[in-house]
Every structure is written in structure tokens, then in C-alpha cells.
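To start, the structure itself, in C-alpha cells.
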Amino acid sequence: MSAIEIITTAKEMQARSDRIRSQGTTIVFVPTMGFLHEGHLSLMREGKKQGEDLVVSIFVNPKQFGPGEDLEAYPRDLERDLELVRKEGVNAVFTPYPGEMYGERFQTFVELEKLPKHLCGISRPLFFKGVATVVTKLFNIVKPHVAVFGQKDFQQLTVIRQMVRDLNLDITIIGSPTVREPDGLAMSSRNTYLTPEQRLSALSLNKSLKKAQTLVENGLRDADEIIDAAAALIRSHPETEIDYISVCDPETLDDLVTIDRPALMALAVKIGKARLIDNMILKP
Ligand code: AMP
């Protein structure tokens with residue numbers, strides 16, 4: 001296996017990608033904010049199946065954090081991350097400094113009109129503008145043929161698919177399933193914020209989704225009743241503060257009243273310093 005390339009400037013990354021593309025090699029891209037866990041690694045394994053050249057970015061994007069959010073506290077450990085990606089056979093890592101991505105006079109953003117008005121976009125109004133902008137920049141820097149994103153961030157995946165369609169970006173987007181801890185907690189870099197007691201409360205996210213699926217399997221179709229049952233289960237756990245619970249159309253993210261077709265159930269819950277998200281497709 002050839003040595004991994006660690007690249008910190010956009011120019012160098014673009015030159016490398018031009019070289020790889022001219023050889024007819026497929027570039028697969030996995031963007032991350034680092035502090036890698038099995039969820040990220042599963043995207044890399046999926047990426048390996050999609051093409052020969054696998055590029056991972058590690059960049060905590062300041063533009064997707066609002067005032068008072070956890071930009072400074074966000075966990076970082078580049079050395080450990082590089083060790084992990086080496087083991088996955090990643091060919092290159094792009095790890096820019098914020099100054100490299102956002103110059104002093106930076107002023108151009110990518111913004112979607114409708115999808116960010118739902119779910120996480122309500123309490124994080126700047127988030128998807130930051131995500132769409134950084135992903136567009138990363139696409140222009142890494143020039144991938146294929147990019148892999150996690151279904152754990154379902155709304156983000158929906159936003160990126162829409163952006164790729166709207167802007168005719170010539171990139172295939174792959175969604176990869178959520179990786180969970182053995183007890184069901186969706187893996188997240190932010191799980192490190194949880195105390196042992198809070199971590200127990202965090203299990204309520206996945207439990208409430210499973211409960212909702214059971215209710216649907218038993219014939220319940222009313223979205224509000226399902227949301228109420230999920231909320232009650234979450235509230236029965238200490239220190240939980242529900243941001244939202246939504247049952248909606250998986251493509252438009254518009255609320256559904258009745259579950260008469262596969263519906264996205266998505267939720268965000270604050271537990272201590274962590275704001276955790278999870279989701280499931282409910283199938284009637
Ligand atoms: P992040 O570093 O949190 O920005 O995530 C980078 C990518 O990893 C995104 O596409 C996420 O959806 C994906 N991801 C994060 N957690 C998980 C997980 N538990 N399972 C699968 N993918 C994940």
C-alpha cells in the first residue's frame with residue numbers, strides 16, 4: 001500500500017485530483033469534521049467499494065456553527081484520526097486550516113430555500129448554509145466522482161442531494177446507514193460530551209424511534225400520536241430536552257399527518273452539553 005498523502009492547501013489538492021482524474025481513476029470522497037469513529041470508518045469502507053482513490057477531509061467548518069454553539073469545544077484529535085484512516089487504506093487526507101478555506105474577504109455562500117426551514121434548520125438557522133457552502137467548496141477542491149454521506153444526518157444528505165441536482169454537480173451521492181453502539185446509541189463525535197448518566201438518557205432517542213416503528217407496525221397511523229408517544233418516552237429520561245420530533249416526507253421534509261407511506265421520523269434532543277440527533281424510516 002502506498003503512503004497516505006496529507007494535504008493542507010486547496011491548490012495542492014486540486015493538482016493531485018487533476019492528476020488522478022487524468023489517469024481515468026475514480027475519486028471517492030468522504031467529508032468529515034474529524035474525531036473519527038466507526039460511523040465515519042463505515043463511510044470509508046463504502047467508499048472503497050465505489051472507486052479506487054479514496055480521499056477524506058477533516059475540517060471543523062466554522063461556518064456551520066452558530067453563535068453560542070460548540071465550535072471551540074468540538075473534539076479534535078488529528079494524530080489519532082490519521083492513524084485510523086491509514087488503517088482504512090485512505091489514499092489522501094485533506095486537512096485545511098480555516099484561513100485556507102475562508103479568506104478575509106470571503107462572501108459567497110450556497111443556500112437552499114426550503115429544506116433548511118425544517119427539522120435542525122429551525123433551531124440552527126445558519127447550519128445548512130454553512131454545510132452547503134463548505135461541501136460545494138470541498139467538491140471543487142477534491143473534484144470527486146462519488147461522495148459518501150451518512151444517513152445519520154438525514155437532512156444533511158437530503159440537502160446535498162438537492163444541491164447536487166439543482167446546481168448540476170457531476171457527482172454521485174451515496175447515503176450510508178447509521179452505525180450504532182451495541183446498545184443502540186447512534187455514534188457521534190458529540191457523544192464524548194455525555195456523562196455516564198447522560199449517556200443512559202441518550203438511549204431514549206433510539207428507543208423512541210423503535211417504539212414508533214412498533215406502533216406503526218401495530219396499525220397506528222396518526223403522526224401526532226406517534227410523536228406524543230416518542231416524546232413521553234424521551235421525557236421519562238433525566239436531563240433530556242427535546243428540540244424537535246418530526247414525522248415527515250423523506251424528500252421534502254414536509255410534515256405528514258398520516259403515515260400512509262414510508263415516513264422519516266427525525267428528532268433532536270439536548271442532553272447536557274450535547275445536542276444529539278437520530279432518525280428512522282417508519283414503514284407502514
Ligand atoms: P461529521 O464528522 O459529524 O460531520 O460526519 C461526517 C460524515 O459522517 C457525515 O456524512 C455523517 O453523516 C457521517 N456520520 C456521522 N456519524 C455517523 C454514524 N453513526 N453512522 C454513519 N455515518 C455517520
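Couple of notes before you dig in:
- Filter result for residue 176 (farther than 22 Å from residue 16 by Cα and within 12 Å of the chain's Cα centre (by Cα)): yes
- Qualifying positions in the stretch 182-198 - within 15 Å of the ligand (Cβ to nearest atom) and either closer than 15 Å to residue 239 by Cβ or surrounded by 17 or more Cβ atoms within 10 Å (Cβ to Cβ) (or both): 185, 186, 187, 188, 189, 190, 191, 193, 194
- Matching residues in the stretch 249-284 - criterion: being basic (Lys, Arg) and either crowded, with 21+ Cβ neighbours inside 10 Å or under 16 Å from residue 194 (Cα atoms) (or both): 270, 273, 275
- Residue that is surrounded by the most Cβ atoms within 10 Å (Cβ to Cβ) [pool: residues in the stretch 138-159 that are closer than 22 Å to residue 117 by Cβ and more than 9 Å from the ligand (Cβ to nearest atom)]: 159
- Subset of the stretch 250-259 (residues that are closer than 21 Å to residue 210 by Cβ and either in a loop (DSSP other than H, G, I, E, B) or without any contact (Cβ under 8 Å) to a residue 12 or more places away in the chain (or both)): 250, 256, 259
- Taking the conditions (1) over 20 Å from residue 33 (Cβ atoms); (2) open to solvent by less than 30 Å² (accessible area, probe 1.4 Å); (3) among the hydrophobic types (A, V, I, L, M, F, W, C) in turn, residue 167 satisfies each one other than (2).
- Enumerated strands (runs of 3 or more DSSP E) restricted to the stretch 1-75, each holding at least 2 residues that are within 10 Å of the ligand (Cβ to nearest atom): 27-32, 53-58
- Residue 88 being touching a residue at least 24 places away in the same chain (Cβ under 8 Å), open to solvent by less than 40 Å² (accessible area, probe 1.4 Å), farther than 29 Å from residue 103 by Cα and more than 12 Å from the ligand (Cβ to nearest atom): yes
- Scope the stretch 206-248; condition over 15 Å from residue 263 (Cβ atoms), of a type in the set (Ser, Thr, Tyr) and open to solvent by 60 Å² or more (accessible area, probe 1.4 Å); matching residues: 236
- Answer residue from the stretch 160-181, given it is polar (S, T, N, Q) and more than 9 Å from the ligand (Cβ to nearest atom) and is nearest to residue 234 (Cα to Cα) among those: 162
- Test for residue 203: is it on the phi < 0 side of the Ramachandran plot, surrounded by fewer than 20 Cβ atoms within 10 Å (Cβ to Cβ) and more than 13 Å from the ligand (Cβ to nearest atom): yes
- Selection status of residue 74, open to solvent by less than 60 Å² (accessible area, probe 1.4 Å) and within 27 Å of residue 179 (Cα to Cα): yes
The values are calculated or read from the model by the stated rules, or taken from the named source; none is laboratory data. Fair warning: this is a prediction, and the values are worked out from it, not measured in the lab. For neighbour counting, all protein chains shown are included, and Cβ atoms are generated from backbone atoms with ideal geometry for every residue, glycine included. We work out accessible area using only protein heavy atoms, side chains counted, and drop any ligands, DNA or RNA first. Shrake-Rupley method; radii C 1.70, N 1.55, O 1.52, S 1.80 Å.
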